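The values are calculated or read from the model by the stated rules, or taken from the named source; none is laboratory data. All of these numbers come straight from a predicted model, not from anything done at the bench. So basically every Cβ, Gly included, is an ideal-geometry build from the backbone, and we count neighbours across all protein chains shown. Calculation scope for accessible area: heavy atoms of the full protein, side chains included, ligands and nucleic acids excluded. Shrake-Rupley method; radii C 1.70, N 1.55, O 1.52, S 1.80 Å.
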Amino acid sequence: MNGAWAPLGHPLGLMFGVCAVALGLGRAYEARAASPVIVEINQFQFSPREITVDAGTVVEWLNHDQTVHNIIAPDAKLASPGMDTGDHVDFTFTKPGDYAYLCGLHPHMTGIIHVRAPGNSG
Amino acid sequence: MIDNLTDIRLTRRKALSCLGAWSGAAVVWGVVGGVPRALGMAADIKGGPPKGFTFAQISDTHLGFNKDANPDVVGTLRRCIADLNALPQRPGFIAHTGDITHLSKPAEFDLAEQVFSELRVDRMHFVPGEHDALDNGLTGYLARHGKASDGKAWYSFDDHGVHFVALNNVVDFKAGSMPSLGDEQVKWLQQDLAARSASTPIVVLAHIPLWTVYEPWGWGTADAEPALAALRRFGSVTVLNGHIHQVMQKVEGHVAFHTAMSTAYPQPAPGTAESPGPLKVDAGQLGKLLGTRELIVVRGARELATVDRPIAGAADLAAGARS
């Protein structure tokens with residue numbers, strides 16, 4: 001598994017999310033401490049749709065829509081829970097590669113994460 | 001029922017004069033010779049209760065939704081149930097075309113079971129929506145409604161000479177594409193239909209439209225064509241969908257497609273907004289955009305009437321929303 005997801009929509013979710021990252025992936029915890037890269041969901045679109053990050057970076061999807069979305073990234077073995085309005089999901093990408101993803105409820109919503117070895121993100 | 005349809009036609013001129021000023025009352029659609037026609041307002045139907053076999057469609061109840069577009073989805077569902085319970089002829093069954101829940105949570109499925117028990121019908125038939133397939137896939141849905149389909153979420157049954165096919169097009173999603181039925185299900189459908197005579201009336205139930213309503217929003221089924229090819233030899237095919245939370249119709253040959261209103265919240269018409277999703281409207285409009293559908297099947301005739309019923313007493317609903 002290339003990472004771990006963490007739903008953070010409420011206090012219990014926050015505890016679980018932080019625990020999942022801290023216990024499962026030491027490098028991920030360092031990246032989490034730095035700050036996640038945020039992808040916002042507005043009007044059924046990911047913004048930014050395409051990002052490039054260092055391996056070990058936490059990517060956080062934040063749902064502003066009035067309906068539920070989720071994140072499916074087969075190559076990263078990521079299938080997140082549904083995010084209701086205001087919920088967010090964290091995922092740590094630990095291995096370099098290009099990870100296409102979509103919303104499993106609205107497959108016309110797509111995005112891609114380019115994960116590069118640290119110091120090689122250009 | 002033939003007499004009823006004659007009566008409906010006699011009032012068509014009057015009805016059409018009213019359609020320009022949509023009042024929110026139920027509109028009767030008759031599908032005659034494969035062509036749907038607006039025949040009149042429900043109140044114009046004369047001759048008492050229909051004498052044919054009837055069933056009703058309910059869709060997109062989204063139990064668990066609580067945002068601005070409708071903070072009380074249980075309340076509006078109960079209004080719809082009251083309308084169905086008040087029909088002069090009790091429907092043979094209720095078909096729910098998916099999105100029972102909003103987030104697939106066990107508590108939402110439990111609530112659905114509790115509220116649906118208030119329907120005065122002998123049975124319900126279900127197909128899943130994509131909102132019923134979150135987190136653990138269709139596990140929660142199938143635990144409650146999977147018996148008829150042997151755990152596959154697609155199945156068929158016969159009732160009053162009509163062959164009903166229930167399909168699942170909410171779990172086979174590919175990036176940038178519309179959802180799919182999948183090869184296994186299409187093959188099953190072809191085999192299921194192969195044994196039926198072309199004169200058998202067919203009714204198809206599926207959540208996402210089997211015709212492409214609006215591809216940029218994913219409102220269609222990517223591999224519908226082989227399924228529709230298997231349906232075209234039949235003289236009467238009615239496809240009932242949900243998902244888009246509004247009434248739309250289309251006819252191709254002998255295949256009539258209908259999407260239904262939600263009982264929870266409306267969505268914008270295709271392409272009229274930046275995106276799909278819950279549409280917040282004035283409280284006075286909400287009841288007119290939510291509702292159910294009654295279908296009347298006449299054995300031996302290729303005539304089928306559908307009655308879309310917005311929530312009765314929309315003014316009351318608006319008053320409730322203001323209080």
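The table below gives the values:
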| quantity | calculated |
| --- | --- |
| Some residue of the stretch A:83-95 being at positive phi, within 12 Å of chain B (Cβ to nearest Cβ) and in a loop (DSSP other than H, G, I, E, B) | yes |
| Considering residues of the stretch B:278-323 that are part of a helix (DSSP H, G or I) and at pLDDT 85 or above only, the residue farthest from B:Thr61 (Cα to Cα) | B:Gly284 |
| Pick from the stretch B:201-225, criterion of a type in the set (A, V, I, L, M, F, W, C), away from chain A (no Cβ under 14 Å) and assigned to a loop (DSSP other than H, G, I, E, B), ranking: surrounded by the most Cβ atoms within 10 Å (Cβ to Cβ) | B:Ala206 |
| Matching residues, the stretch B:231-244, being assigned to a loop (DSSP other than H, G, I, E, B), in contact with a Ser or Thr (Cβ under 8 Å, 6 or more places away or on another chain) and either hydrophobic (A, V, I, L, M, F, W, C) or open to solvent by 10 Å² or more (accessible area, probe 1.4 Å) (or both) | B:Phe234, B:Gly235, B:His243, B:Ile244 |
| Count of residues meeting criterion [assigned to a helix (DSSP H, G or I), open to solvent by 20 Å² or more (accessible area, probe 1.4 Å) and farther than 22 Å from B:Leu167 by Cα] in the stretch B:109-139 | 3 |
| Inter-residue pairs, beta-carbon under 6 Å, first touching a residue at least 24 places away in the same chain (Cβ under 8 Å) and in the stretch B:270-292, second surrounded by fewer than 16 Cβ atoms within 10 Å (Cβ to Cβ) and of a type in the set (A, V, I, L, M, F, W, C), 6+ apart | none |
| Counted residues, the stretch B:50-85 - those being open to solvent by 30 Å² or more (accessible area, probe 1.4 Å) and either away from chain A (no Cβ under 14 Å) or within 20 Å of B:Ala206 (Cα to Cα) (or both) | 8 |
| Residue that is farthest from B:Asp135 (Cα to Cα) [pool: residues in the stretch A:104-119 that are in a loop (DSSP other than H, G, I, E, B) and touching a residue at least 60 places away in the same chain (Cβ under 8 Å)] | A:Gly119 |
| Matching residues in the stretch A:34-74 - criterion: being charged (D, E, K, R) and either without any contact (Cβ under 8 Å) to a residue 24 or more places away in the chain or away from chain B (no Cβ under 11 Å) (or both) | A:Glu40, A:Arg49, A:Glu50, A:Asp54, A:Glu60 |
| Extreme residue, nearest to the other protein chains (Cβ to nearest Cβ), among residues of the stretch B:164-180 that are open to solvent by less than 10 Å² (accessible area, probe 1.4 Å) and part of a loop (DSSP other than H, G, I, E, B) | B:Pro179 |
| Condition check for B:Leu228: open to solvent by less than 10 Å² (accessible area, probe 1.4 Å), more than 14 Å from every other protein chain (Cβ to nearest Cβ), within 22 Å of B:Asp158 (Cβ to Cβ) and not in a loop (DSSP other than H, G, I, E, B) | no |
